[in-house]
Amino acid sequence: SSINQSGGGNAVIGALSATDANTGDTFGFTLVSGTGDTNNASFNLFGASLRANNAAALTAGSYSVRVRAADAGGATFEKALSLTVVDNLAPSAPSAPDLASASDLGVANADNLTSTTTPTFTGTAESGATVTLYSDGTSVGTGTATGGNWSITSSALSAGARSMTAKATDAASNVSDVSPALTVVIDTTAPTASSINRQTPSIQTTNSPSVTFRVTFAESVAGVDVADFTLTTTGATSGTVAVVSSISGSAYD
């Protein structure tokens, strides 16, 4: 009396049978109107086989059909049958996780670089499904896809490149395939200046109105401007940091 959604089109639920006082009598079966015929349109008969038109299109739950049995002499009997459709289809895999804008702290808003160890990720999945977020295959948070959209703030992630994926579990505990992966870099180490060298003039003592220093950082940096530098002078010398220009990702004059 039950069928799985995975049965698809014309999936057989079971074979109908009837009993009769006349030994050896044969029977024919039809779906008929009357009490209990609520879902007749979703099912069909092929001989004595009761079938679902398309099990995958039916919502999991209870259904009712009304069947008439007729013997060789034309005598009939009718009965309402209760059927159950079982959800055994896994939901589609969620979309690849997306690092939320508020958590993407890199130079660009979508470069997937951040200094926070508990970033928030968003995505889409089957509405109502429970979404599990993974970092390198380890669960780091769960959430519900409300209206098909989910948002999960992960537990603490270790520094470095992390592969973020997700899976969805529906109300019937069917688990989806894993989503496409998103690579996120967690950078918790501040940059350092590895060297500061005077470029021009090259002599130590000068009355030149300006002096150029080259600052080299230990890694590529961005957003560098005059506010990032402090000029310390001695004696009667005075001055200000007037201009900062990029030479490369890690070197600035």
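The values are calculated or read from the model by the stated rules, or taken from the named source; none is laboratory data. Because the structure is a prediction, the values reported are computed rather than measured. Note that we place each Cβ from the backbone using ideal geometry, even for glycine, and neighbour counts take in every protein chain shown. When the accessible area is computed, the model is the full protein with side chains, heavy atoms only, and any ligands, DNA or RNA have been set aside. Shrake-Rupley method; radii C 1.70, N 1.55, O 1.52, S 1.80 Å.
Among the protein heavy atoms, those of ARG68 account for about 90 Å² of accessible surface (1.4 Å probe, every chain in place). With R₀ set to 25 Å, the beta-carbon distance separating ASN109 from ASP136 gives a calculated FRET efficiency near 0.55. So the label point goes 7 Å from the Cα of THR234 along Cα→C-beta, right? Which residues of segment 155-198 then have their backbone N under 14 Å from it? Nothing falls inside the zone, counting backbone N under 14 Å.
Annotation for ALA60 and ALA161: the two label points, set 7 Å from Cα along the Cα-Cβ direction, are 3.9 nm apart. All distinct Cα pairs of the chain go into the 1/r average, and the inverse of that average, the Kirkwood radius, is 24.8 Å. Across segment 174-233, the relative contact order, built from alpha-carbon pairs under 8 Å that are at least six residues apart, equals 31 percent.
How much net charge surrounds VAL184 when only other residues with a Cβ under 14 Å from its Cβ are counted (Lys, Arg +1; Asp, Glu -1)? Summing Lys and Arg as +1 and Asp and Glu as -1 gives -4.
Please find the FRET efficiency linking ASN22 to THR84, where r is the Cβ-Cβ separation and R0 is fixed at 41 Å, and quote it to the nearest 0.05. So the FRET efficiency works out to roughly 0.80.
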